[in-house]
1. Given the conditions (1) buried (at least 16 other Cβ atoms within 10 Å of the Cβ); (2) in a strand (DSSP E or B); (3) without any contact (Cβ under 8 Å) to a residue 12 or more places away in the chain, which single one is not true for Asn38?
2. Can you name the residue in the range 57-73 that is part of a loop (DSSP other than H, G, I, E, B) and under 13 Å from the mean Cα position of the chain (by Cα) and is also modelled with the highest pLDDT among such residues?
3. Does Ser58 satisfy being within 16 Å of Ile82 (Cβ to Cβ) and among the polar types (S, T, N, Q)?
4. List, please: which pairs have Cβ atoms under 6 Å, are six or more places apart or on different chains, and start with a residue in the range 52-64 that is charged (D, E, K, R) and end with one that is at pLDDT 90 or above?
5. Among the residues of the range 41-56, which ones are under 25 Å from Gln71 (Cβ atoms) and either assigned to a strand (DSSP E or B) or of a type in the set (A, V, I, L, M) (or both)?
6. Taking the criterion of being within 17 Å of Ile7 (Cβ to Cβ) and acidic (Asp, Glu), would at least one residue in the range 48-68 satisfy it?
7. What are the residue pairs meeting all of these: first residue in the range 76-87, first residue under 18 Å from Val10 (Cα atoms), second residue among the small types (Gly, Ala, Ser) and in a loop (DSSP other than H, G, I, E, B), Cβ atoms under 7 Å, and 6 or more apart or on different chains?
Amino acid sequence: MFLGRVISPVVSTAKHPAYKGRKLFLVRRLELTGEPENEDTLAIDLVDAGVGDIVLVSQEGGAARKIIEQQDAPVRSIIVGIVERWEVKGG
């Protein structure tokens, strides 16, 4: 899992049936300090996130397929939470 910021929606007119009716977003990974990293991920939105939201992204394909209830779906990343705040303790 990682924290990320929703950068933009992704619109696809031709797609695998597992993606039909689902919102897709481009998510930029964040460091724990909140600084953006140089890595973006395409993720299915399950929590009604929006552009600019900080989100929790699961990148475990097996879990993603279980959650969307499609075991043969070509899915790896899903947005599973909207993060209001986080705190890093220690060094």
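The values are calculated or read from the model by the stated rules, or taken from the named source; none is laboratory data. None of these values were measured; they are calculated from a predicted model. FYI the Cβ positions are ideal-geometry reconstructions off the backbone, even for glycines, and counts take in every protein chain you see.
1. Condition not satisfied by Asn38: (1).
2. The residue in question is Gln59.
3. Details: within 16 Å of Ile82 (Cβ to Cβ): yes; among the polar types (S, T, N, Q): yes.
For Ser58, the condition - within 16 Å of Ile82 (Cβ to Cβ) and among the polar types (S, T, N, Q) - is met.
4. Taking only residues 6 or more apart or on different chains, the pairs are Asp53/Val6; Asp53/Ile82.
5. Of everything in the range 41-56, those that are under 25 Å from Gln71 (Cβ atoms) and either assigned to a strand (DSSP E or B) or of a type in the set (A, V, I, L, M) (or both) turn out to be Thr41, Leu42, Ala43, Ile44, Asp45, Leu46, Val47, Ala49, Val55, Leu56.
6. yes
7. Hits for this filter: Ile79/Ala49.
Results for (1) outside any strand (DSSP E or B); (2) surrounded by fewer than 17 Cβ atoms within 10 Å (Cβ to Cβ); (3) in contact with a Phe, Trp or Tyr (Cβ under 6 Å, 6 or more places away or on another chain); (4) at pLDDT 95 or above, shown as yes or no for each residue.
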residue	(1), (2), (3), (4)
Leu3	no, no, no, yes
Thr13	yes, yes, no, no
Val75	yes, no, no, no
Val88	yes, yes, no, no
